[in-house]
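This report refers to the structure that appears directly beneath it.
The values are calculated or read from the model by the stated rules, or taken from the named source; none is laboratory data. Predicted model, so just to flag it, every value in this text is computed and none were measured. Quick reminder, even Gly has a Cβ in these numbers, built from the backbone with ideal geometry, and neighbours come from all protein chains shown.
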Amino acid sequence: MTNSTESTYPAPAPLGDGKVAVVSGASTGIGEATVERLRASGWTVYAVARREDRLAELAERTGAVPVPTDITDQAQVDALRDRVLGEAGTVDALLNISGGARGTDSVADADVDRWQWMYEVNVLGTLRVTRAFLPALRANGEGTVLNLTSLAAMRAYEGGSGYNAAKYAERAMTEALRLEEAEHKVRVVEIAPGLVHTPEFSLRRLGGDERSAEKVYEGVEKPLTGRDVAEVCAFAVELPHHVDIDTLTLKPVAQAAPHKVIRTTS
């Protein structure tokens, strides 16, 4: 479900006028909005996702470079790295936006296949892409890795155990990476959003049940949008390099905590 109709960013800057970014999860939601936002301020953006048709549309609209890639496949990640560095010669920022949830299982009723998918995408996918680009980010001298985790990486909740486990692991990896890469002058940022109105995320998590997906946002006044989070991601990578936003959480005002969301009734 594309967010393109909601975009009010100015016309994209000419390709190559700015720094180079790689953005995963670019075919929808926060990733798509982040590509739009960075292109609008002149970045050369390599847009990464599995769905080639979505990337083609995004590229036509924004001037991003589409690179269809399954980040759970090491050979495809290696090919992504080789293409970016072969064409651009460097990378200034890697934004690991790709991720997702499957199901609302309790631990007692956990579906191991769904848990494994969440770990593969959120943790090992982020690992593969980060590891592939770290040498170039170090060589850059002012490289940035931004990992999009979640409020679920900080607070567990009933029905979220599998997603919690994956996002907690991604957060731990991010914290370790920051310690390991400081001496290489690689800035490591974690952005952890709460309730974001990304219907496709909820549809996939709830097995395509549209009514259940709608109920996630029902009665919530002004949940975050993909663009809201994209603005924060762009802000983090566009700050002077010596400024590191280690961890930033953002929630709509209506979400005081994962377990407390204010819902109005009509």
Restricted to the stretch 188-234 and to residues being out of contact with any helix residue (DSSP H, G or I) (no Cβ under 8 Å at 6 or more places or on another chain) and aliphatic (A, V, I, L, M), the residue modelled with the lowest pLDDT is Val220
Residue in the stretch 34-79 that is surrounded by the fewest Cβ atoms within 10 Å (Cβ to Cβ), counting only those that are farther than 22 Å from Val229 by Cα and polar (S, T, N, Q) = Gln74
Give Glu60, Glu120, Glu87 a once-over and let me know the one that is within 18 Å of the chain's Cα centre (by Cα), on the phi < 0 side of the Ramachandran plot and not in a loop (DSSP other than H, G, I, E, B).
-> Glu120
